[in-house]
Every structure is written in structure tokens, then in C-alpha cells.
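Here is the structure we will look at, set down as C-alpha cells.
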Amino acid sequence: MNARAVVPAFRSAAHDRLSIHETADLDAVLKWWVRRLDLPPERFQRASLKKHRAATVRRNVGDDYRGCLEITVPRSRELYWRIEGMITELFQTVGRREPNLR
């Protein structure tokens with residue numbers, strides 16, 4: 001099964017949300033995701049802001065920090081099954097070609 005045939009049907013139903021630290025530049029990060037994924041900004045739900053904890057040592061800091069993108073697809077059971085089938089087929093194909101990778 002071709003992934004390009006599966007995803008478009010579900011892409012329009014998905015909801016996106018950024019999970020990001022409250023000290024990050026939310027507007028800049030949202031624009032980055034919009035450009036990167038070629039999605040309209042209104043598709044994104046309100047961001048989930050993570051509270052700053054001074055005791056936590058974070059590795060995701062600086063200008064390269066883009067947060068975490070959460071994608072929710074309502075009634076996505078069929079999509080999950082299709083993706084699971086594609087991944088299974090991928091591993092079976094690779095296993096046949098490269099038996100030593102198991």
C-alpha cells in the first residue's frame with residue numbers, strides 16, 4: 001500500500017497542537033511549523049505551554065528549539081491499521097533483503 005494514498009484522506013481531519021516551553025517564541029515556532037508542513041495557521045489549536053522549572057536541565061533550548069507537534073486524528077483506527085500494515089510490510093521486505101539485520 002502506498003503511504004501517499006493513505007495520508008491525504010486523514011490529513012484534512014487532523015488537529016495539530018504545539019507543546020512548547022513558555023519561554024520560547026511561540027509565534028516564530030508556529031510560523032516555522034506552518035511553513036515546514038505547508039498547513040494553514042488556523043489548523044493549529046491553542047498551544048500547550050510547559051511551565052518553566054529552574055531545576056530541570058533542558059537539552060532543547062536556543063533558536064533551534066521548535067517544541068513538540070501533537071497530531072490528533074479523530075476516529076483514526078483505520079489510519080492506524082493502515083500505517084501498521086505498511087510498517088509490517090516494510091520490515092518484512094527489509095528482512096528478506098537483509099537477513100542479518102534481524
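The values are calculated or read from the model by the stated rules, or taken from the named source; none is laboratory data. Since the structure is predicted, the reported quantities are computational estimates derived from the model, not experimental observations. Counting neighbours? That spans all protein chains shown, and the Cβs are built from the backbone with ideal geometry, glycine included. Ligands, DNA and RNA are excluded from the accessible area calculation, which covers all protein heavy atoms including side chains. Shrake-Rupley method; radii C 1.70, N 1.55, O 1.52, S 1.80 Å.
Summary of values
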read-out: Positions within segment 62-92 being assigned to a loop (DSSP other than H, G, I, E, B) and among the small types (Gly, Ala, Ser), in sequence order; value: GLY62, GLY67, SER76
read-out: Candidates GLU42, GLU70, GLU89 - the one that is open to solvent by 80 Å² or more (accessible area, probe 1.4 Å), modelled with pLDDT of 85 or more and under 19 Å from ALA13 (Cβ atoms); value: GLU42
